[in-house]
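Q: The structure's right below; bear with me while I get my questions together.
Nothing in this text is a laboratory measurement; each read-out follows from the coordinates by a stated rule. Being a predicted model, the structure only gives us computed values, none of them experimental. A quick note on method: Cβ atoms are made from the backbone with ideal geometry, for glycine too, and the neighbour counts reach across all protein chains shown.
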Amino acid sequence: MAFDQHDRDDISQINITPLVDVMLVLLVIFMVTAPILQQGVSVDLPEVTAAPLVGSEEQLLVVVNREGKVQLNDTPLPMEELHRKLNAIMRVKPDRQVYLRADKNVPYGRVVEVMAAVQTAGVRKLGMVTEPLKDE
């Protein structure tokens, strides 16, 4: 039994075509499902033992007071103006994070309206401000 050099070269090569096919299928799946995951208002619930966040620049704080009025950094604004201002800020710096502070007595629907307005303005990072639990 004699082997020539040509047979050894063919055996030592790895066929990566199936690997490429699988990777392309996964890429298409992720491209299709990524926009679906962005729909809706995403909220991460605060934990009781969470530490305060440290910020290096001025915070964008949206406040919903007890009467349901909206403020952006202590400036009262109607909802349309809030949307325009946040949209302008996000065009300049799209990675800014906005914090939402809502009174606990405000109806849930009003808070969701504000969250939706913030999201449609282009904000991708929305944090919820809470008070730490008091020891009883």
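Q: Would you work out the charge dipole size for segment 60-128 about its Cα centre, treating the Cβ of every Lys and Arg as +1 and the Cβ of every Asp and Glu as -1, and quote it to the nearest 20 debye?
A: It comes to approximately 220 debye.
Q: Sticking with this one: Among MET23, MET128, MET90, MET115, rank each residue by its count of other Cβ atoms within 10 Å, from fewest to most, as a rough exposure measure.
A: MET23, MET128, MET90, MET115
Q: Also, quick follow-up: With a sphere of radius 10 Å drawn around the Cβ of ALA102, what net charge do the other residues whose Cβ falls strictly inside it have (Lys, Arg +1; Asp, Glu -1)?
A: +3
Q: Mind pulling up the Rg/Rh value for segment 60-128? Radius of gyration and Kirkwood radius, both on Cα.
A: 0.93
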